[in-house]
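Engineer: I have a structure I would like to understand better, so I am pasting it below and will then ask my questions one at a time.
The values are calculated or read from the model by the stated rules, or taken from the named source; none is laboratory data. In this text the structure is predicted, and so the values were computed from the model without any measurement. Note that we place each Cβ from the backbone using ideal geometry, even for glycine, and neighbour counts take in every protein chain shown.
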Amino acid sequence: MDAVTDPIDLQARLRPHILPRPRDATLYARAQREGLSELQARVLAGRINGYQGELDPLVSPSLRHLAHPEKLADARRAAERIAQAVVDGEHIGILTDYDVDGITSHVVIRRTLVELFGVPEVRLHSLIGHRIHDGYGISLPLVERTLALSPRPSLVITADCGSSDEPRIARLKVAGIEVVVSDHHALPVEGPPTSAYAVVNPTRDDCSYPDPTIAGCMVAWLMMSLTRQVLVEWGVLAPSTPKLSPWLSYVALGTVADCVSLGDSPANRAVVTHGLTLINRMEAACWRAMAARLGADSVPFDAETLAFQMGPRINARSRLDDPYAALHFMLAADDATAARHLETLDQDNQSRKAIEVEMAEQAQALALAALRADEPAIVVFLEDGHPGVQGIVASRLVQAFGRPALVLTPAAAPGMLTGSGRSIEGLHLRDALQRTFALAPEALPRFGGHRGAAGVGVPREQLAAFRAAFLQAVGEQLGDTELGPRIYTDGELVPHQLGLATLDELERLAPYGREFDAPLFQGEFLIEALRPVGADGSHLMLELSAGSASLKAIWFRALTPGEVPAFGVGDRLRCAFKLNRNRWRGRESLQLMIEHAERED
């Protein structure tokens, strides 16, 4: 039997390899010289390889490291146009994406206009596309909806979208509506949309803002901050008018949820750190409602709370239905209103999970063909798949197969497919799609995104051509890179480090997130006790020992429902694990969060 199709070989290729994370030796030594502990230096040097800038903005995030918004190309022009609309009493449309980044951008713009600039609610129009019926960005249905408003807005402000929407922006311009674009997605090769009044985007070639990785909500926050400055300069607002700092709570959520870099980005690290401080004051109803839903032991929130608890609930609404409930939740003025909207988001999230499980099983079965053929990427088409869950399923494929993945489903437009992709370390996904477009332009009429995630529109009859071009583009970029599921760890901890003091030491390097992963360690442990837990018995609760250390551990989704563990009491496990602060009734203890484990023979 051919080794490529041998089931045993296939199973071996699907088994994750636990490997030490590559470490920048120069940075490792430098970090210790500058006062970091050996463990902190180890973590830092494994995440920002090649970094030569100052360490202080990364290890001690502060708003003083933020660059002035005027460093953003077109920001002054955009701010003056928005300020003029405020002064003249114009009707203003706020057009944003439907995900967490878009929703938080919407909140920043709307609250600034209403609460700081005094614009009456009646003059504002919220324009958020429906993921399934409208699609991403300034879609044609959104344009039609805007033109149907009465009275029409004379200015539309976008956030987290617009950079690739020249035809629709041109149509709005012809109708007498000026468009200010604020976005962070990569621009098309032809440059910023020429029909827009202004395009504020840190990825512009002519932009001097020092950090092009900031999220869309941060671009919106900077633009609106500059608008406040303009209104003060014009004498319209008093210099004592509050600044936009409180809205950084929303920016923190949008930044974490949109998976932009938290690595060598002082701006992103600063806004997430400051934003979490604001969130944990629990001054807004949305934060209080979420804390009540998650339980008293969930506070204080950290970046993982935003990424894995708040973000998915807000995204779930737009994945399955109209996104406005998420906006109403974020803007809720009282706890009862916030709780009511959160209940809707929670129900959607449960529905999303059920759909995700079914789609992931189908996608993984189809993806095995790519693995057998040793293709550099996975492209799967799910005829009955839900378009709102494509990105999550693509992430599952990346984790399972260690390859970039694109998941496509039928689009609302006849004859079209829509898809979402997720990447791996070493592949810039949007660049790969740009190359795909160059190879087969008719097969990829629409795409957008950034390094780690992207979206595509593909004509159904061009699927084979798209797939071939995409695989070629990915292969060219990855070259001879060895592919497969890998778990990179920060090495081992000695028994005396398995305590809360080590967790305190690591938390001083927070926030953790994309390109600055939470510390993950490896080690061998003896199983003292174990039992399946959870409604379907798919999680494992374990008691482990290592030398003199006795530890409790949890391994989520360790088993399929009904499966019996392949190891038992007295066996030794080789584990990849995180340290977790387990809070229960006001008491704290260390718990290991197992990511992967194998029995040592």
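Residue by residue, here is whether (1) among the aromatic types (Phe, Trp, Tyr); (2) under 14 Å from residue 267 (Cβ atoms) holds:
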| residue | (1), (2) |
| --- | --- |
| 43 | no, no |
| 51 | yes, no |
| 64 | no, yes |
| 69 | no, yes |
| 74 | no, no |
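Engineer: Anything in the stretch 308-360 that is among the acidic types (Asp, Glu) and more than 24 Å from residue 135 (Cβ to Cβ)? List them, or say none. Full working, then the answer.
Structural biologist: Step one: list which residues in the stretch 308-360 are among the acidic types (Asp, Glu), which gives 321-322, 334-335, 343, 346, 348, 356, 358.
Across the stretch 308-360, the qualifying residues are 334, 335, 343, 346.
Engineer: So residue 471 clears everything in (1) part of a helix (DSSP H, G or I); (2) under 30 Å from residue 592 (Cβ atoms) except one condition, right? Which one?
Structural biologist: (2)
Engineer: Checking residue 425 against (1) surrounded by fewer than 17 Cβ atoms within 10 Å (Cβ to Cβ); (2) more than 19 Å from the chain's Cα centre (by Cα); (3) under 21 Å from residue 476 (Cα atoms); (4) of a type outside the set (Gly, Ala, Ser), only one condition comes out false. Which one?
Structural biologist: (2)
Yes or no, residue by residue, for (1) farther than 14 Å from residue 131 by Cα; (2) surrounded by fewer than 21 Cβ atoms within 10 Å (Cβ to Cβ); (3) outside the structural domain of residue 474 (by TED's automatic domain parsing):
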| residue | (1), (2), (3) |
| --- | --- |
| 380 | yes, no, no |
| 387 | no, no, no |
| 390 | no, no, no |
| 393 | yes, no, no |
| 397 | yes, no, no |
| 410 | no, yes, no |
| 413 | no, yes, no |
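Engineer: For the stretch 314-344, which positions are surrounded by 24 or more Cβ atoms within 10 Å (Cβ to Cβ) and among the charged types (D, E, K, R)?
Structural biologist: 317, 319 - these are the residues of the stretch 314-344 that are surrounded by 24 or more Cβ atoms within 10 Å (Cβ to Cβ) and among the charged types (D, E, K, R).
Engineer: When the residues of the stretch 407-436 are narrowed to those that are part of a strand (DSSP E or B) and touching a Phe, Trp or Tyr at 6+ places or on another chain (Cβ under 7 Å), which ends up farthest from residue 353 (Cα to Cα)?
Structural biologist: Residues of the stretch 407-436 part of a strand (DSSP E or B): 407-410, 416-422.
When the remaining residues are screened for being touching a Phe, Trp or Tyr at 6+ places or on another chain (Cβ under 7 Å), the result is 408, 417.
Working: 408: 18, 417: 22 Å.
Going through the qualifying residues, I end up with 417.
Engineer: Would you tally the residues in the stretch 393-412 being touching a residue at least 60 places away in the same chain (Cβ under 8 Å) and not charged (D, E, K, R)? Please lay out each step first, then the result.
Structural biologist: The initial filter retains those residues of the stretch 393-412 that are touching a residue at least 60 places away in the same chain (Cβ under 8 Å), namely 399-404, 406, 411-412.
Checking which are not charged (D, E, K, R) leaves us with 399-402, 404, 406, 411-412.
The qualifying residues number 8.
Engineer: Do you know which residues across the stretch 444-458 are among the basic types (Lys, Arg) and under 24 Å from residue 415 (Cα atoms)?
Structural biologist: Taking the stretch 444-458 first, the residues among the basic types (Lys, Arg) are 446, 451.
Selection gives 446 alone.
Engineer: Of everything in the stretch 552-562, what is over 16 Å from residue 590 (Cβ atoms) and either buried (at least 16 other Cβ atoms within 10 Å of the Cβ) or in contact with a strand residue (DSSP E or B) (Cβ under 9 Å, 6 or more places away or on another chain) (or both)? Give them in sequence order. Walk me through it before giving the result.
Structural biologist: Just the residues of the stretch 552-562 that are over 16 Å from residue 590 (Cβ atoms), to begin with: 556-562.
Across the stretch 552-562, the qualifying residues are 556, 557, 558, 559.
Engineer: Somewhere in the stretch 536-551, is a residue more than 23 Å from residue 44 (Cβ to Cβ), free of Cβ contacts under 8 Å to residues at least 24 places away in the same chain and surrounded by fewer than 16 Cβ atoms within 10 Å (Cβ to Cβ)?
Structural biologist: Yes, that holds for at least one residue.
Engineer: Still on this model: Determine whether residue 109 is part of a helix (DSSP H, G or I), surrounded by 23 or more Cβ atoms within 10 Å (Cβ to Cβ) and free of Cβ contacts under 8 Å to residues at least 40 places away in the same chain.
Structural biologist: Numbers: part of a helix (DSSP H, G or I): yes; surrounded by 23 or more Cβ atoms within 10 Å (Cβ to Cβ): yes; free of Cβ contacts under 8 Å to residues at least 40 places away in the same chain: no.
When the stated conditions are applied, residue 109 does not pass them.
Engineer: Would you mind stating whether residue 189 is assigned by TED's automatic domain parsing to the domain that holds residue 244 and farther than 27 Å from residue 515 by Cβ?
Structural biologist: Numbers: assigned by TED's automatic domain parsing to the domain that holds residue 244: yes; farther than 27 Å from residue 515 by Cβ: no.
It is false that residue 189 is assigned by TED's automatic domain parsing to the domain that holds residue 244 and farther than 27 Å from residue 515 by Cβ.
Engineer: Further question on the same structure: Can you pull out every residue in the stretch 326-383 that is more than 27 Å from residue 557 (Cβ to Cβ), in contact (Cβ under 8 Å) with a residue 60 or more places away in the chain and among the aliphatic types (A, V, I, L, M)?
Structural biologist: 327, 330, 331, 373
Engineer: Are any residues in the stretch 112-160 in contact with a Leu (Cβ under 7 Å, 6 or more places away or on another chain) and either in a loop (DSSP other than H, G, I, E, B) or aromatic (Phe, Trp, Tyr) (or both), and if so, which ones?
Structural biologist: 117, 119, 129, 134, 138
Engineer: Looking at the stretch 131-159, which of the residues that are within 16 Å of residue 196 (Cα to Cα), of a type outside the set (A, V, I, L, M) and modelled with pLDDT under 95 is surrounded by the fewest Cβ atoms within 10 Å (Cβ to Cβ)?
Structural biologist: Only one residue fits best here, namely 139.
Engineer: Anything in the stretch 63-99 that is out of contact with any Cys (no Cβ under 8 Å at 6 or more places or on another chain) and of a type in the set (Val, Ile, Thr)? List them, or say none.
Structural biologist: 82, 86, 87, 92, 94
Engineer: On to the next question. Take the residues in the stretch 236-288 that are part of a loop (DSSP other than H, G, I, E, B) and among the aliphatic types (A, V, I, L, M), then tell me which one is surrounded by the most Cβ atoms within 10 Å (Cβ to Cβ). Even if it seems obvious, please write down each step before you answer.
Structural biologist: Within the stretch 236-288, the subset part of a loop (DSSP other than H, G, I, E, B) is 236-244, 258-265, 280-284.
Adding the requirement that they be among the aliphatic types (A, V, I, L, M) leaves 236-238, 244, 260, 262, 282, 284.
Values: 236: 15, 237: 20, 238: 8, 244: 19, 260: 30, 262: 25, 282: 17, 284: 20.
The qualifying residue surrounded by the most Cβ atoms within 10 Å (Cβ to Cβ) is 260.
Engineer: Filter the stretch 118-160 for residues that are of a type outside the set (Ser, Thr, Tyr), more than 17 Å from residue 322 (Cβ to Cβ) and touching a Ser or Thr at 6+ places or on another chain (Cβ under 8 Å) and give the result.
Structural biologist: Matches in the stretch 118-160: 137, 138, 152, 153, 156, 157, 159, 160.
Engineer: Within the stretch 539-575, which residues are under 20 Å from residue 522 (Cβ atoms), among the polar types (S, T, N, Q) and assigned to a loop (DSSP other than H, G, I, E, B)?
Structural biologist: Within the stretch 539-575, 548 is the sole residue that qualifies.
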